[in-house]
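Here's the structure we're looking at; comments come further down.
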Amino acid sequence: MGLQEYKRKRDFKKTPEPAGKVAPAKGNSFVIQKHAATRLHYDFRLEMEGVLRSWAVPKGPSLDPGEKRLAVHVEDHPLDYGDFEGIIPKGQYGGGTVLLWDHGTWYPDGDPVKAYKKGHIKFRLEGEKLHGGWHLVRLHGDRAGEDKENWLLFKDNDDIAVPGSGDALVQEYPASVTTGLTLEEIAANPERVWQSNREEKVEKKAPAKKAAAKKTAAFDPSGLTGARKAKLPAKVEPQLATLVTDPPRGEEWIHELKFDGYRVLCELKDGNVRMVTRSGKDWTDRFGPIVEAITALPATEALLDGEAAVLLPNGTTSFQALQNALGEGGENLVYFAFDLLHLDGYDLRPVPLLQRKEALTALLASQPKEGTIRLSDHVQGTGEEFYRHACDYALEGIISKRADQPYQSGRSKDWLKVKCLKRQEMVIVGFTDPEGSRSGFGALLLAVNEGKDLVYAGKVGTGFNTKTLNDLRKKLDKLEIKTPAFKKAPRGAEARRSHWVEPKLVGEVAFTEWTEDGILRHPTFQGLREDKSASEVVREVEQPTAKIEKKASAPKTVAAKKAAVKKTAKKKGDTPPLGPERDPAGITEIAGVKISNPDRVLYPEQGLTKRELALFYERIQAWILPHLKNRPLTMVRCPSGQGKQCFYQKHVNEQFPASIKRVQVEEGGAAVPYGAVDSLTGLIYMVQMGVLELHIWGSHIDDIEKPDYIVFDLDPDEGLSWERVVEGTIKVREKLEGLGLRTWLKTTGGKGLHVCVPITRRGEWDEVKAFTKAVVESIVADEPDRYTSKLPKASRKGKIFIDYLRNGRGATSIGAYSTRARPGAPVSTPLFWEELETDVRANTYNVRNLPERLESLEADPWADFLKERQSITAAMKKAVGMK
């Protein structure tokens with residue numbers, strides 16, 4: 001389409017919009033602008049063929065794959081539109097307020113131009129609010145290139161999808177991703193009127209910015225693959241490396257030296273510099289010499305990632321020397337920059353690593369070779385040789401990185417670390433008295449986090465000088481407590497010589513190995529780690545590099561009986577019986593339902609067939625049906641099996657037999673039929689229809705406006721340990737039971753856990769949802785660095801997302817004992833709370849091993865769930881801050 005239609009509709013003598021040009025460079029940015037023109041809508045724009053190909057989406061995007069949103073194809077826009085937020089004056093085309101609702105990078109599945117012409121663009125988004133797979137599909141009868149042709153925008157069925165969530169995304173997150181303003185706040189400020197086709201007087205008042213821009217003319221970040229125009233981000237969580245046994249092989253890896261210092265993100269903006277540690281602490285005042293050097297860089301805006309260290313005469317870095325340097329005003333500090341995340345108005349995080357390194361090299365080209373700011377160089381391939389040389393020179397180790405990957409916040413297997421020496425952080429939990437002429441203390445007692453507990457890991461008595469001993473003793477005295485705050489504490493005479501302290505200080509320790517009892521051998525103290533919190537410290541275990549290099553590993557198998565909890569068991573007769581275990585050979589009819597294509601494989605990894613899935617549900621019918629019975633359902637149908645095309649279906653039609661109950665639900669001003677199941681025949685018919693997931697409403701069909709079931713879904717960010725999920729789940733349980741509500745537990749069959757609460761039918765949807773939101777936000781307020789209630793993935797970095805949105809009208813959650821459309825045929829399985837202490841995981845139980853578990857149980861974990869009578873009271877609402 002180009003920009004012809006765009007220009008035809010506009011008189012650039014009157015409109016403040018830019019005339020624009022088709023960009024010569026290829027990019028893959030996307031932007032969504034919330035536009036309050038004649039009618040409120042969302043402008044969805046994908047960079048393609050040098051322009052922003054655009055669709056107007058009246059209702060905005062939804063994370064519910066069943067919500068297929070009308071997307072009216074409008075004229076292409078110039079790339080200059082991509083960072084606009086402000087007011088288009090009345091009388092101009094599209095006059096009204098515009099808010100930058102989301103932006104980021106899009107990744108097409110195949111050739112995007114061919115897909116666009118064909119009428120089905122499948123793509124992945126990585127933005128601030130939108131993530132995962134999406135589809136744009138042209139409706140039949142429209143031809144590519146026509147003005148005002150109608151398309152549909154909808155979410156792919158993946159881990160990011162939230163079935164039944166409806167408009168929750170746009171309702172819960174209405175603000176701008178760049179300024180945090182709402183439409184009303186932007187409209188209230190007339191100074192923000194867009195005049196992009198006229199000379200801006202502001203620039204004349206800012207000669208320093210213009211001068212900086214001239215200095216960077218030698219390097220243009222806009223040409224980098226994936227670079228997108230964006231404001232400097234307010235906060236970025238650094239990418240972290242996974243500890244492995246040996247360097248990875250192959251030319252796709254580059255290798256850098258591992259420095260012995262503090263990881264620091266360095267921000268330059270309009271001549272001001274900010275230095276932020278890995279944990280988000282502002283340490284600008286500690287790095288004076290580095291700040292001064294960064295100020296002189298030839299850029300107006302930049303965000304660098306690197307390591308602040310002290311370089312010794314022998315070419316190595318020393319953490320102890322760094323500690324001394326910081327105490328002496330920052331003398332001899334060096335900043336080793338190894339990544340560039342933003343440069344002069346362009347976000348470089350989506351850019352492949354090697355191109356980011358090229359940009360960084362250009363930025364630092366004018367720096368003295370032995371100056372304060374230095375480029376952390378690399379080699380490509382030959383990782384084993386590079387590692388051997390690093391260890392020969394007594395360096396700490398190396399970092400290996402995938403050369404072709406974008407920057408990803410959080411722990412990643414695209415970055416690997418291989419250590420020459422064994423070192424790690426330890427929590428200081430006590431100390432012993434000094435002996436002889438020694439001052440301060442004798443040794444520090446150390447611990448690491450294992451699951452929910454701090455566990456003793458030995459003591460360290462070497463590596464201190466007199467100043468360190470005395471300074472540390474002053475800190476320790478302020479933290480002293482009467483009893484140990486960790487497990488496996490020393491006893492007897494050793495305990496009598498020990499003092500216990502609150503587990504707040506973190507120290508770095510070098511050692512030779514771990515003993516079989518989990519105690520450090522030959523430890524030496526290196527210094528305090530003020531950039532790390534005690535809660536982060538775990539026993540670092542090297543992972544086999546070959547396992548990480550391998551793209552797909554065999555699924556874990558856990559014996560089903562391991563998680564059965566005997567201490568809460570009742571009589572065997574109290575558990576629901578399993579259905580008959582039958583020989584599946586030749587069976588084509590189950591519970592009166594004829595199974596077509598019974599040998600069709602639905603789960604390829606297990607070779608699990610349609611017949612087997614039907615028999616599975618027949619066997620567990622007494623367990624699953626009570627929790628599905630007469631609840632409106634949303635189905636995930638995968639007619640060709642898991643891994644193939646799947647889709648969400650909310651409404652039932654004439655294809656569904658009488659065994660699927662109907663309930664009329666008001667939706668969009670009309671009554672539409674939803675389905676419900678109350679019999680084995682209806683359940684088996686779901687299998688016949690290729691249904692692999694059954695998502696339930698929180699209400700029953702006889703009174704759908706009064707919820708009787710609420711759920712809190714704990715979803716961990718990538719790289720978080722299972723122990724963090726368990727910890728968060730217990731936190732939710734304690735909060736709810738502290739309010740007076742009994743809770744039940746189940747796995748999701750995916751990555752997390754569900755805390756479930758039955759309630760009596762009193763309040764309506766808005767009231768119940770508001771209560772669950774208040775509960776979650778009270779938990780987040782207590783520990784904002786560990787939990788979030790925000791849906792956008794960008795808010796979840798390093799945190800557990802506690803999802804309360806599944807408690808809104810029309811929202812759904814996976815039903816108890818339902819299968820999931822995921823590899824391994826996992827099942828969402830109710831648990832005893834005590835089972836969190838075992839090795840059970842979110843996807844431990846599956847179609848093959850769940851019947852064995854159920855046979856081994858002497859009691860039903862959810863025996864009292866449907867009998868419980870409890871309500872959300874006024875006192876509970878007040879306790880979580882509701883008015």
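Observations on the structure shown:
- Residue-span extension gain [residue 601 to residue 393] - 0.36 nm each, minus C-alpha spacing: 69.3 nm
- Under 11 Å, Cβ to Cβ, from residue 678 - net charge with Lys/Arg +1 and Asp/Glu -1: +3
- Which of 101, 86, 113, positive extreme of dipole for the stretch 59-118 (C-beta unit charges): 113
- In the complete set of protein chains, residue-level accessible area for residue 185 is approximately 90 Å², probe 1.4 angstrom.
- Förster radius 41 Å - calculated FRET efficiency between residue 234 and residue 588 (Cβ-Cβ, nearest 0.05): 0.10
- Think of it as helices only: each DSSP H run of n ≥ 4 in the chain is worth -39500 (n - 2.57), and spread over all residues that comes to -5500 deg cm²/dmol at 222 nm.
- Options 670, 656, 247, ranked by Cα towards positive dipole end of the chain, top entry (Cβ charges): 670
- Here the chain exposes an accessible surface that is 49 percent carbon and sulfur, computed with a 1.4 Å probe and the other protein chains kept in place.
- Ranking of 596, 176 by solvent-accessible surface, largest first: 596, 176 (1.4 Å probe, protein heavy atoms only, all chains present).
- Only the Cβ atoms of Lys and Arg (+1) and of Asp and Glu (-1) were treated as charged; on that basis the dipole of the stretch 391-540 about its Cα centre amounts to roughly 240 debye.
- Hull shadow area, averaged, the stretch 328-393 [alpha-carbon convex hull, nm²]: 6.7 nm²
- Rounded to the nearest 0.05, the FRET efficiency derived from the C-beta distance between residue 358 and residue 546 at R0 = 35 Å is 0.70.
- Taking all protein chains into account, the per residue accessible area for the stretch 398-455 stands at 34 Å² (1.4 Å probe).
- Within straight-line reach of residue 258, meaning a Cα separation under 13 Å, sit the following aspartates and glutamates at least 8 residues removed in sequence or on another chain: 307, 377, 396.
- Net charge of neighbours whose Cβ lies under 9 Å from the Cβ of residue 529, counting Lys and Arg as +1 and Asp and Glu as -1: -3
- Residue-span extension gain [residue 117 to residue 839] - 0.36 nm each, minus C-alpha spacing: 254.9 nm
- Accessible area in the full protein assembly, largest first, 1.4 Å probe, for 702, 159: 702, 159
- Of 26/797; 59/269; 155/877; 34/413; 401/799, pairs whose Cα-Cα distance is over 32 Å: 59/269; 155/877; 34/413
- Accessible area of residue 263 in the full protein assembly, 1.4 Å probe (Å², nearest 10): 40 Å²
- Placing +1 on the Cβ of every Lys and Arg and -1 on the Cβ of every Asp and Glu, with no other charges, gives the chain a dipole of roughly 940 debye about its Cα centre.
- Cysteines in the chain that, by Cβ-Cβ distance, have no pairing candidate under 4.7 Å: 266, 756
- Accessible surface, 1.4 Å probe, highest first, among residues 140, 627: 140, 627
- A full extension of the chain between residue 405 and residue 270 corresponds to an added length of 45.7 nm, given 0.36 nm per residue minus the alpha carbon distance.
- Positive-end extreme of charge dipole, the stretch 707-774 - chosen from 716, 747, 758 (charges on Cβ): 758
- FRET efficiency, residue 109 to residue 764 (Cβ-Cβ, R0 45 Å, nearest 0.05): 0.60
- Quarter of the Cα convex hull surface for the stretch 312-466, i.e. its orientation-mean projected area (nm²): 13.4 nm²
- Among the listed pairs 68/357; 661/790; 235/773, those beyond 32 Å (Cα-Cα): 68/357; 661/790
- With the whole protein complex present, residue 513 retains an accessible surface near 80 Å², based on a 1.4 Å probe.
The values are calculated or read from the model by the stated rules, or taken from the named source; none is laboratory data. Just so we're clear, the structure is a prediction, and the values are computed from it rather than from any experiment. We place every Cβ from the backbone using ideal geometry, glycine too, and count neighbours over all the protein chains shown. Only protein heavy atoms, including side chains, enter the accessible area calculation; ligands, DNA and RNA are left aside. Shrake-Rupley method; radii C 1.70, N 1.55, O 1.52, S 1.80 Å.
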